[in-house]
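Q: Encoded as C-alpha cells, here's the structure I'll be asking about.
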Amino acid sequence: MKNESKCVSDIPDIPVAIYDGECDFCIWCVNHAQNHLTGDIEFVPFQTLDDRFEVIKADDLRRAVHFVETSGQFFQGAEAVARLASYTSKYRVLHSLHRRVPLYPFFASIIYRFVADNRWLAMRIVRLLGG
C-alpha cells in the first residue's frame, strides 16, 4: 500500500527493505533478492530497527515487508515487493506490471496477503522446489 502522505523522518541514503528477520521464508526471499540486485539496497530485519523509522507501526512491520525510498516515502506489502523488484535484473517486470496494468496491484495484494499469512506453507513449497 502506498503511503503518499507519510514519509519517514530518517531519510535513507539508499533504499531500505524491512523484513521479518525471524521468518525463514522472509530470510530466503531477502537472500534470493540480493542475488539479483542491480543497485544498492539495505536489508534490515524489523526486529533491529529500534526507532529508526518510527512512523511505521510495529504491527504493520510484523504483517508485511516495507520498502523505504530515498525520498523517505514508504510502501508495504505487494507494492513494497514491486518497488524492491525494480532494483533487480530478474524481477524488474513486476514493478512495471504494478504500475501499468490496472488490476495487477489488486490481485498482487491478494496473493501477497495469502503468502504473508501462510509463510510456513510458502517456505515448504520453496523447499520442495529445491530452494
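Laboratory data are not the source of any read-out in this text; all were calculated from the coordinates shown. Fair warning: this is a prediction, and the values are worked out from it, not measured in the lab. No Cβ is skipped: glycine too gets one built from the backbone with ideal geometry, and neighbour counts run over all protein chains shown.
Q: Find, among the GluC sites (Glu not before Pro) in the range 1-62, those assigned to loop by DSSP (not H, G, I, E, B) with at most 14 other beta-carbon atoms within 10 angstrom.
A: Within the range 1-62, the qualifying GluC sites (Glu not before Pro) (loop, at most 14 other Cβ atoms within 10 Å) are E22, E54.
Q: Taking the convex hull of the Cα atoms, report for the chain its projected area averaged over all directions, in nm².
A: Mean orientational projected area (the chain, Cα hull): 7.8 nm².
Q: If you don't mind, another one. Just to be sure I understand: of the beta bridges DSSP finds with both ends in the chain, what percent are antiparallel, rounded to 5?
A: If we restrict to bridges inside the chain, about 70 percent are antiparallel.
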